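Everything on this sheet refers to the single structure shown next.
Bear in mind that the values in this text are calculations on the coordinates, not laboratory data. Everything quoted here is computed from the prediction, not taken from an experiment. Here the Cβ is made from the backbone with ideal geometry for all residues, glycine too, and neighbour counts use every protein chain on show.
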Amino acid sequence: MPPRSLTIDERLLRRMARDAAIYSLTRPAAIVMWVALAAGLVLSILNLSVPNAAGTEDGGFAAWMPPLIVALAIGATVMTISSARNALRRAMPPQTLVWVSLEDDVLRVGSGDRRSVIAYDTFQGIRVGADAVLLKVRDTSVATAIPRALLSDDDVATLRSKVASP
């Protein structure tokens, strides 16, 4: 495929960061975290409804647990979104020309004066969002983001087949 390009703007950057954050917040490790936080919230609420033994006082700590758990969940979400936005901003600053080219054995990506040539077997998975195509780098928690507008549906299908094949 011949290279396609576009100029990154702030709105596209935010939308791509949203796709990257959703990807991060729905990975298996994150789902374990969400389940643990939900279980902690349920247990802390149930603990509030259990009457204390006569003559004992919990010092009010149990009353702070539900808001603390909710704050942790909100904090994790905000930090994930912020981290995704910062990573994308470093890789593709606003007003930068970004391009991509799918070749037989490699993916070529450029952002400004930076260029990368990446073998397809570097990736172990692909996730297509509304505004970003995320390619998970094998054996890491890192993903490479490409603006979705640069890839046709046929390009995405080609990427899926090349990433899935050994």
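Structure values in brief
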quantity	calculated
Extension gain (nm, one decimal) between Phe61 and Thr158, 0.36 nm per residue minus Cα-Cα	29.4 nm
Exposure proxy ranking, count of Cβ atoms within 10 Å, fewest first, for Leu88, Leu6	Leu6, Leu88
For Val70, Val156, Val109, order by how many other beta-carbon atoms lie within 10 Å, fewest first	Val70, Val156, Val109
Leading residue at positive end of dipole, the range 95-164 (Cβ point charges), from Tyr120, Val137, Ala157	Val137
Ratio Rg/Rh, restricted to the range 4-135 and using Cα atoms, in which Rh is the Kirkwood radius	1.21
Radius 9 Å from Cβ of Tyr23, net charge of other residues (Lys, Arg +1; Asp, Glu -1)	+2
Estimated 222 nm signal from helices in the chain, with DSSP H stretches of n ≥ 4 weighted -39500 (n - 2.57), rounded to 500	-17000 deg cm²/dmol
Length added when fully stretched, Val137-Ala38, from 0.36 nm per residue minus Cα-Cα	32.7 nm
Kyte-Doolittle mean at least -1.0 and Cα axial length at least 20 Å: DSSP H helices in the chain	10-25, 28-49, 61-91
Mean separation of Cα contacts under 8 Å (6+ apart) over length of the chain, as relative contact order %	27
GNM result for the chain, Cα springs below 10 Å: residue of Pro28, Pro147, Pro66 fluctuating most strongly	Pro28
Label-point separation in nm, Arg108 to Ala87, each point 7 Å along Cα→Cβ	2.6
